[in-house]
Each structure stands twice: as C-alpha cells, then as structure tokens.
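Trainee: What follows is a single structure, and I will ask about it in a moment.
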Amino acid sequence: MRSLVVALGGNALLPPGEVDLGAMHRRVRETAKVLADAADGSVHLVVTHGNGPQVGHLLAATEEARGRAPAATLDVLVAETQAQIGYILQRELRNEFALRGRATGVATIVTQVVVDPKDPAFHEPSKPVGPIIATETEAMLKRARGWRLAPDPRGGWRRVVHWLLSLGSRSLAPEAVAFDKNTREPYILSFKSTSVKPNGKDSFLVTGDLTLRGVTKPVTLPVTLLGEGKDPYGNEKMGLETTVTLNRKDFGLVWNKALETGGMLVGEEVKVQIAIEANKAKPAAPAAK
C-alpha cells in the first residue's frame with residue numbers, strides 16, 4: 001500500500017492574531033474532512049504539522065507564570081504542542097471516519113530528531129515562534145530578557161529560537177555552560193544583592209554576593225535601565241542589563257595550557273553579561289478581617 005504524506009502549517013491551524021484554542025479546533029475539524037477524503041483505504045495517511053505559533057503562545061504563558069508554576073524548557077514546550085495538535089487531529093479524524101462508517105485507526109506520535117550540536121545554525125537562530133511584537137518598547141524589554149528577535153514581513157518582530165540545554169528548571173544556550181571535567185555537572189553562577197545605589201541617569205550600582213562552584217565573592221554590578229513599559233497583559237515591566245569582568249582563578253578555575261608559540265591558552269579574565277526583565281510586584285491583597 002502506498003503512503004501519502006500531508007504537511008499542515010502551524011499558521012494554517014492558528015493564524016496570526018488568533019489566540020482562541022476553539023478556533024484551532026474548528027480549523028482542524030474542517031481539515032479532517034479533507035484528510036478523510038484522501039485516506040480512502042488505498043493509502044497509508046501520514047500527517048505532519050508545524051507548531052510555531054502554538055509553542056510561542058505556550059512559551060509566553062509559561063513565562064508569565066514564572067515563579068508561580070514550574071518552568072518548562074523550550075524542548076518540552078515543543079513536545080507539548082506536538083501532542084496537543086496531534087491529539088486534536090487524531091480526535092477529529094476518528095470522528096470523521098466514524099461519521100462515514102469507517103473503522104480506521106489513528107495514532108499520534110511525538111517525535112525527536114538527532115541533530116549536529118556543532119551546526120552553526122544554532123548560533124544564528126531563525127525559527128520564529130509566538131505572536132508578533134508590535135512596539136519598540138515591548139521589543140526592547142524582550143531583548144533585555146535575552147530574547148533574539150527578527151523583523152517580521154508583516155511589521156514588528158517575532159522571537160526566533162535556537163537550541164537550548166535543559167538544566168532542571170533552567171535553560172541555557174550551549175555556549176553559556178561550563179562543565180566540571182570530573183563530575184560533568186554544570187557550573188551555575190548565582191548572585192544575591194545586598195544594596196542598590198543610584199549612579200546617574202538610568203544607572204545603578206548593585207552590590208551583592210556572587211557564587212560560582214561553591215565560592216562566594218562580593219561584587220558590584222553597574223546596572224543600566226533600558227526602559228519601562230507594559231506588556232500585552234497589562235503587567236508593568238522594566239529591562240536592565242549589566243556587564244562585569246571576573247577573574248576565573250578567584251573561583252577555583254585554574255586550568256590552563258601553555259601554547260607552543262608562547263603565552264597561555266585561556267585568559268584569566270571572564271566577561272559576564274546579564275540581561276534582566278523585571279516584573280513590578282503587585283500589591284498584596286488586604287488581610288481578611
């Protein structure tokens with residue numbers, strides 16, 4: 001028996017501007033009628049689909065729930081939307097086959113793909129996900145969070161994504177991770193502020209304790225305010241960034257190797273760049289009397 005492969009675009013299932021899941025159900029229901037016509041018993045029907053808009057919306061919802069619900073990394077969100085769209089397709093196809101009196105089996109498969117981690121495409125993300133970011137203010141806040149944005153032909157920007165390395169509840173780009181050569185555990189850098197002082201217009205000096213590999217050192221970060229504004233959900237946000245230079249030996253990172261041409265392979269100074277998107281705290285609800 002021959003196989004027929006049909007590819008459905010994520011935007012075809014949920015066009016730009018639509019955030020109603022019911023709209024996607026209705027579109028899939030209409031699509032299932034056409035697919036059922038194609039699966040006339042003489043072919044194996046294989047349906048594949050995109051999920052850029054769907055995973056982008058789920059990513060936005062996850063980030064809005066940050067601190068209130070467990071964080072999910074992008075690879076998990078992609079799998080969730082694969083299963084979501086697959087479930088809806090499977091249900092509507094089964095319903096359509098049943099209306100036609102056909103006992104045709106339908107199964108959903110969540111797939112994974114092995115890729116080359118050295119592929120240069122990981123450093124130039126190009127896959128757009130999520131809704132269009134319409135204003136420069138919102139785009140600036142998203143860039144402060146570390147988002148990579150690309151112009152959209154329809155106007156505004158969209159987030160473009162690359163490969164992420166999952167570390168529990170953290171997601172780090174591969175070039176941002178260093179590993180202990182013995183335990184293969186990642187070195188996680190943390191910072192806890194102890195004071196904040198103004199340092200001119202839109203600038204602050206934030207002092208605190210920086211910890212890496214179990215070693216804690218006091219540092220002062222020169223923080224710049226990039227901008228403030230409201231997101232589409234009405235939340236007040238601000239974007240900040242800072243750059244600090246550390247001596248890796250202060251944190252026990254002492255490995256090095258002499259070069260045949262002279263000098264050492266690894267320098268002692270490490271520049272750390274941090275981008276922050278901060279949410280304004282909402283006032284606490286009044287205590288019940």
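Trainee: If Lys and Arg each add +1 and Asp and Glu each add -1, what is the summed charge of the other residues whose beta carbon sits under 11 Å from the beta carbon of residue 215?
Mentor: Numbers: positive: 213, 217, 248, 249; negative: 209, 250.
It works out to a net charge of +2.
Trainee: Once all Cα-Cα distances of region 184-258 are split into 5 Å bins that start at 0, what whole-number percent is in each one?
Mentor: Each 5 Å bin holds this share of Cα pairs: 3, 12, 18, 18, 15, 13, 10, 6, 3, 1, 0, 0.
Trainee: Right, something else. Counting only C-alpha contacts under 8 Å and six or more residues apart, can you give the relative contact order of region 179-281 as a whole percent? Mind showing how you got there, number by number?
Mentor: Numbers: 177 pairs, mean separation 19.7, N = 103.
Once normalised by length, the contact order is 19 percent.
Trainee: Less than 22 Å apart at the alpha-carbon level, and either on another chain or at least 8 residues along: which lysines does that give for residue 217?
Mentor: Filter leaves 192, 197, 249, 271.
Trainee: Based on alpha-carbon atoms only, what is the radius of gyration of region 2-99 relative to the globular estimate 2.2 N^0.38 Å? It would help to have the intermediate numbers written out before the result.
Mentor: On the way: Rg = 15.2 Å, N = 98, 2.2 N^0.38 = 12.6 Å.
Region 2-99 yields a ratio of 1.21.
Trainee: Rank 47, 12, 95 by how far each Cα sits towards the positive end of the charge dipole of region 2-99 (+1 on Lys, Arg Cβ; -1 on Asp, Glu Cβ) and give me just the farthest.
Mentor: Comparing the listed Cα positions along the dipole, 95 ranks first.
Values quoted throughout were computed directly from the atomic coordinates according to the rules given, and no laboratory measurement underlies them. Since the structure is predicted, the reported quantities are computational estimates derived from the model, not experimental observations. Heads up, the Cβs are rebuilt from the backbone with ideal geometry, glycines too, and the neighbour counts pull from every protein chain shown.
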